[in-house]
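The block underneath contains the structure these notes are about, expressed in structure tokens.
Please treat every number below as a calculation from the coordinates, not as lab data. Only a predicted model underlies this, so the values are computations on that prediction, with no experimental measurement involved. No Cβ is skipped: glycine too gets one built from the backbone with ideal geometry, and neighbour counts run over all protein chains shown.
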């Protein structure tokens, strides 16, 4: 299982490259209008909020603690998993995706800062410890997923209400 | 078991589907159109369903819909809408395979895109906390059953009476010509269904079927909706947009409640019929349109012409010689037994009873693949894998004697209620068959009292002019309450949807006291297995 550092280990699995991270930063700098911002948030909801609660939601109600832990691990540490043309699996944890995808315009928003703190907490969890309270972690992950959706909705509402340009959340 | 292809850039959806629904043969994920096209060739006609993601994170060279030297921004947008492009291509090689779009996107945009590109369904499944393994499975099974249960005539019941046979023959003839077709008849008589599933099909046209219900459009937007508009043509018109005529080019346009046309729109429609060109509101450019026009009304158009509220020249252009009047259900010489069997087949194909059926099958320890109606004095012979709903003679007498003012629409809903309540009763009794069912758990009797009470409630509601405010059914505490509640909830949502003409914000106001909760209501609407397209047919039918 992963050590929680962000570089998910395992055969054929590696985290986002530095070049990819740079490419994302360049893309963000090209966001010239609010529509782009909203679409970037839609991407966050699609790629992070959705998949970080994916396995847990489809667990049977009477699933064992071990099954829950496995599901939470997959949701948080292998949030985005794709296989390339060579069959190589690429996987990224939620906190890496979050840091890569959150629009810079929102980094001072209180909700974004709260999500940031929650992601840091997830990154530091003892993922190899079966005795840890994984049900509490699952609840915290769900809250973080909801917060990402909330952030997206907040910005959308602000845009519809005509509050252009200020995404500080104040 | 069905062969299901997943088109997705990630592994997680198909992994979960394989785990939750191991009985199906899952293929994929096909990452983009190239792999999807290859998979469709390999699988041939065996594909029973496609699950298609909308957002694809693929390299630019693998994306459909990009110009030669795309900007960073156009690449991002192409990724976010790649599913629609794939669907467009998919339809060229597999026009009839059910396709389910998987998305977290906003409902209205999704609906438009699904309509435009011919998705069978669009769903929020996989992206809502209320959707679990059970409901996901329900959605997939419902779609598969609908496909298996689809009859040659689709949802249209013609019956065997000479009058209905003559109508069908006449309609088929007019469907093939280029002139408009006019459908007359009372509410619920099936005008919309016939336009969509018969006239459009028989016209053998390649274009789309577009339906416009003028009773649901504000008068000042009718012209823009039908003929299109340019930016600034009216308040709130922020971009050029095509109208229904352009959208239906090469296909069929159904205009329901045509008597509601404003005088200005009547003038414009006349010009379209005469010249076969359409001019968007606020524009001068003419666009050629080739559309099979079907209009419907419940009003006396000749009377409106006499009163000067409907243009005589337009009336003549609408080809009144082709007018086909669909009779009220009571006047059709209906074979009620056949109609009942037809309705039960449709309900089975729609999969609406699946939750209750699963619970009943679990209680009685039988394997249930579907439902069928049995009409007669004696209990039916067993049919392998089927639960048989038995409509004995006294129950059929209740059905025959009811006036059915809501016609086929009312009949379909009444039968669905009857099946739901009968199955709920059977579950409440612990799955033990009643004595009248001769001790067989594969037979569920539809009792006359249950049907009588239900129809009486509807009549009482109507007399109090409150039929749209109440369900006309009453449920008492019983086991399997969750399933019963879900079926009742589905009926309630249907009623509200019809009452509010598909306005989810208005429904949210009624249900939650919050118009802003429209998306939440639409999510629940989808989860209950209701489909906007079907409900629209009910509204305009």
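Structural remarks
- Cβ-Cβ distance of residue B:313 and residue B:160, R₀ of 41 Å, FRET efficiency by 1/(1 + (r/R0)^6): the value works out to about 0.55.
- When the P(r) is computed for the stretch A:53-164, the part past 25 Å accounts for 31% of the Cα-Cα pairs.
- Segment residue B:302-residue B:239, length gained on full extension (0.36 nm per residue, minus Cα span): 18.9 nm
- Counting every other Cβ atom within 10 Å of each residue's Cβ, B:79, B:267 order from fewest to most as B:267, B:79.
- Mean shadow area of the stretch B:248-368 over all directions, Cα convex hull, nm²: 12.8
- Cβ-Cβ FRET estimate between residue B:401 and residue B:335, R0 fixed at 25 Å, reported to 0.05: 0.95
- Cα→Cβ-extended label distance, 7 Å offset, between residue B:275 and residue A:129, nm: 7.8
- Counting Cβ atoms of other protein chains within 10 Å of each residue's Cβ and taking the mean over peptide A:49-59 gives 4.
- Placing dummy labels 7 Å off each Cα toward the beta-carbon, the span from residue B:170 to residue B:67 is 5.4 nm.
- Inter-label distance, nm, simple model (7 Å from Cα along the C-beta direction), residue B:533/residue A:142: 3.4
- Linear extension gain, residue B:267 paired with residue B:41, 0.36 nm per residue minus alpha-carbon span: 76.4 nm
- Three-way shape call for the stretch B:347-431 based on the alpha-carbon gyration tensor, with the a/c threshold at 1.5: prolate
- Note on residue B:285 and residue B:511: the extension gain reaches 76.8 nm, defined as 0.36 nm multiplied by sequence separation minus the Cα-Cα distance.
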